[in-house]
Amino acid sequence: MKNLEKLAPALLMSVVLGLAFSATVSAADKATPPEPRYDKATVVHFSATVTAVREVPKGLALDGLHLTVQSGLETLDVYVGPTEFVKVFDVTFKKGDSIDVKGSKVKFEGATLVLASEVSMGNVTLLLRDKEGAPLWKYFIKPPVG
């Protein structure tokens with residue numbers, strides 16, 4: 001019985017650490033999948049018509065503004081960037097808009113995706129990435145509210 005009393009604190013610590021480790025592993029399993037990398041070797045430039053506009057919620061891969069576009073016979077998902085960053089430019093997209101897109105055409109989760117570096121509509125061009133493909137929103141500081 002005395003041996004059990006001596007082992008009780010160590011046993012309790014093992015159980016606590018085991019639970020903490022399993023919670024950490026469980027949280028890691030639910031982590032956001034890695035996002036695709038901009039590849040300068042796959043840069044495309046095309047004109048398209050917006051067929052849908054959607055916003056992917058924070059916490060999911062590539063959260064922010066996505067445009068589904070039709071370019072010729074091809075339907076593509078264009079990732080524009082985080083919603084807060086795009087809103088700063090006071091540009092909105094809607095179904096039927098004619099746009100020009102420059103970006104890296106990559107595969108992500110089994111589908112083709114264009115990581116936009118520039119999106120032009122009329123005489124307005126959104127610059128979204130630098131010439132190496134690094135997102136410009138990483139330098140973005142959210143404006144104060146009010």
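Quick notes on this one:
- When the Cα gyration tensor is reduced to axis lengths a ≥ b ≥ c, the ratio a/c stays below 1.5 for region 40-139, which is therefore classed as rounded.
- Pairs from LYS95/LYS138; LYS87/LYS131; LYS58/LYS102; LYS58/LYS87 whose Cα-Cα separation, in the structure shown, is over 26 Å: LYS95/LYS138
- Difference of contour (0.36 nm per residue) and Cα-Cα distance, LEU127 to LYS87: 13.1 nm
- Computed on region 40-139, with alpha-carbon pairs under 8 angstrom and 6+ residues apart, the relative contact order is 26 percent.
- Neighbour-count order for SER71, SER117, SER104, SER98, fewest beta carbons within 10 angstrom listed first: SER98, SER71, SER104, SER117
- Exposure proxy ranking, count of Cβ atoms within 10 Å, fewest first, for VAL56, VAL88: VAL88, VAL56
Bear in mind these aren't lab numbers, they're just calculated from the coordinates by the rules spelled out. None of the values given here were measured: they were computed from a predicted structure. With ideal geometry, Cβ positions are generated from the backbone for all residues, glycine too; neighbour counts draw on all protein chains shown.
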